[in-house]
1. Quick one: would you say ALA181 is assigned to a helix (DSSP H, G or I), farther than 30 Å from LYS8 by Cβ and touching a Pro at 6+ places or on another chain (Cβ under 6 Å)?
2. Looking at GLY28 and the list (1) within 16 Å of GLY133 (Cβ to Cβ); (2) modelled with pLDDT of 95 or more; (3) buried (at least 17 other Cβ atoms within 10 Å of the Cβ), which single condition is not satisfied?
3. Taking the condition of being of a type in the set (Val, Ile, Thr), in a loop (DSSP other than H, G, I, E, B) and without any contact (Cβ under 8 Å) to a residue 24 or more places away in the chain, how many residues in the range 43-81 meet it?
4. Take the range 16-42 and flag every residue that is under 29 Å from LYS180 (Cβ atoms), of a type outside the set (A, V, I, L, M) and free of Cβ contacts under 8 Å to residues at least 60 places away in the same chain.
5. Find the residue count for the range 156-173, including only residues that are assigned to a helix (DSSP H, G or I) and over 10 Å from the mean Cα position of the chain (by Cα).
6. Give just the number: which of (1) of a type outside the set (Asp, Glu); (2) assigned to a helix (DSSP H, G or I); (3) closer than 20 Å to VAL88 by Cβ does PHE152 not satisfy?
7. Here are some residues: SER96, SER123. Which one is crowded, with 18+ Cβ neighbours inside 10 Å, within 15 Å of CYS172 (Cα to Cα), more than 13 Å from the chain's Cα centre (by Cα) and not basic (Lys, Arg)?
Amino acid sequence: MQNPELRKEIIKTARKLSVLGLTTATWGNVSVRTGEDKFLITPSGIDYEALQPEDIVKVNPDLSFEGRRKPSTELKLHAEIYRNKKNVKAVVHTHSTFACAFAIAGESLPPVLEELAQVVGGSVDCTAYAKAGTWELAEKAVKTLGNKKGVFLANHGTVGVGRNLKEAFKVCVVVERTAKATIFCRVLGKINVISEDDVAELRKFYTEEYQGGKPSITHD
């Protein structure tokens, strides 16, 4: 079995999604790039608590797969992101409550918290609707994501990407927290959005200072 430690990290991340309420049952999915358009991904229909390293599916560039399980139904979504975003090494897809509220409304989540500006790089925008598991959804997600680290899938959920699993997971946590705070803030009647210049400065600090300007790590 190849990449045993990476498989364990995927399972650990998937289980954290359930513990933190970022998804329920077998919804959501987690993947990590292992090479040029190759990646490991959680299987379809298996409870996260029951996952074993050998359940994680290896996906090849032609989308053929290896292992004892079928890959997540969002295989195309992950594949399209890796094909078009070469700096992305990990993808986490969640169905968290407050973020889903924005996805249902088809609204963007503005950069109202500094941590969102730092981690995502600005607003989290929402795709037009497309059915789950389709190339149409995958293509719309890539287009809407742009150079940011998070995107809403209309009437569906959130996708976070990063240089590793830790970062992709952090994106989803920060997006959910910001979505919750924003909805609560609307009750107060006023939302102050961070300016584009400040967002750029915050993002620069995060990537160059906080992360030390370290290059992405490729898992071989």
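1. No, not satisfied.
2. (2)
3. So in the range 43-81, the residues of a type in the set (Val, Ile, Thr) come out as 46, 56-57, 59, 73, 81.
Now narrow it down to the ones that are in a loop (DSSP other than H, G, I, E, B): 46, 56, 73.
Restricting the remaining residues to those that are without any contact (Cβ under 8 Å) to a residue 24 or more places away in the chain gives 46.
Adding up the residues that qualify gives 1.
4. Passing the criteria: SER18, THR26, THR42.
5. So the answer is 1.
6. Going through the list (1) of a type outside the set (Asp, Glu); (2) assigned to a helix (DSSP H, G or I); (3) closer than 20 Å to VAL88 by Cβ, PHE152 breaks only (2).
7. SER123
The values are calculated or read from the model by the stated rules, or taken from the named source; none is laboratory data. All values reported here derive from a predicted model rather than from experimental measurement. Ideal geometry is used to build each Cβ from the backbone, glycine not excepted, and the neighbour counts take in all protein chains shown.
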